[in-house]
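Below you'll find the structure, written out as structure tokens, and then a few comments.
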Amino acid sequence: MTKTYTADEVAKHNKAGDCWIIIEGKVYDVSNFLKEHPGGQKVVLKLAGKDATKEFKNLHGPDVLPKYAPQLLIGEIGSSVAKVCIFILFVYACRMHQNKSQKQNKKMIKHSVS
Ligand code: HEM
């Protein structure tokens with residue numbers, strides 16, 4: 001399963017030796033790649049811990065990420081809003097199920113009394 005991170009978690013990895021960046025919602029650990037980066041370390045470090053989608057797309061062709069992802073991709077950004085929505089839906093579904101069983105129980109009691 002893909003690991004999910006929040007933007008705040010990624011933001012902590014913002015220096016040489018511990019450098020993550022976000023590109024199109026995916027998280028890349030470029031700590032060890034910095035030294036080999038053809039564009040140099042400085043440009044990447046400026047965006048360390050941040051979303052670099054715009055800058056990346058401006059400077060790289062579409063074949064770069066597929067080539068380097070196997071070695072650098074560590075996960076994706078998970079939306080906490082989405083997590084909350086799923087939780088609310090789950091609670092709602094449980095409630096509905098509970099109500100249905102209560103109604104069925106009442107019906108059964110009524111039926112057995114009459
Ligand atoms: C996963 C992260 C990254 C990978 C794998 C990567 C890879 C590469 C590669 C392979 C090149 C050589 C040119 C090419 O093939 O397009 C390159 C050049 C370059 N990259 Fe990156 N890069 C990454 C992130 C970044 C970021 C965040 C920046 C920040 C702006 C950046 C700035 C540059 C620059 C300025 C060049 C030189 C462009 C040129 O000389 O025309 N890169 N990068």
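Some notes on this structure:
- Which numbered condition GLY49 misses (of (1) at negative phi; (2) assigned to a loop (DSSP other than H, G, I, E, B)): (1)
- Annotation note: of PHE87, PHE33, the sole residue that is under 25 Å from THR2 (Cα atoms) and loosely packed, with under 11 Cβ neighbours inside 10 Å is PHE87.
- Number of residues in segment 44-64 that are near the ligand (Cβ under 8 Å from one of its atoms) and within 20 Å of ALA7 (Cα to Cα): the value is 6.
- Residues that are more than 9 Å from the ligand (Cβ to nearest atom) and of a type outside the set (Lys, Arg) within segment 14-28 comprise ASN14, ALA16, GLY17, ASP18, CYS19, TRP20, ILE22, GLU24, GLY25, VAL27, listed in sequence order.
- Close Cβ contacts (under 8 Å, 6 or more residues apart or on different chains) running from residues in segment 22-45 that are part of a helix (DSSP H, G or I) to residues that are aromatic (Phe, Trp, Tyr) and at pLDDT below 95 are absent.
- Cβ pairs under 7 Å, 6+ apart, first in segment 59-71 and aliphatic (A, V, I, L, M), second near the ligand (Cβ under 9 Å from one of its atoms): LEU59/GLY39; LEU65/ILE23
- Restricted to segment 67-81, and to residues there that are within 16 Å of VAL27 (Cβ to Cβ) and part of a helix (DSSP H, G or I), the residue that is farthest from the ligand (Cβ to nearest atom) is SER80.
The values are calculated or read from the model by the stated rules, or taken from the named source; none is laboratory data. Just so it is clear, the structure is predicted and the values come from calculations on it, not from any experiment. All Cβ positions, glycine included, derive from the backbone under ideal geometry; neighbour counts span all protein chains shown.
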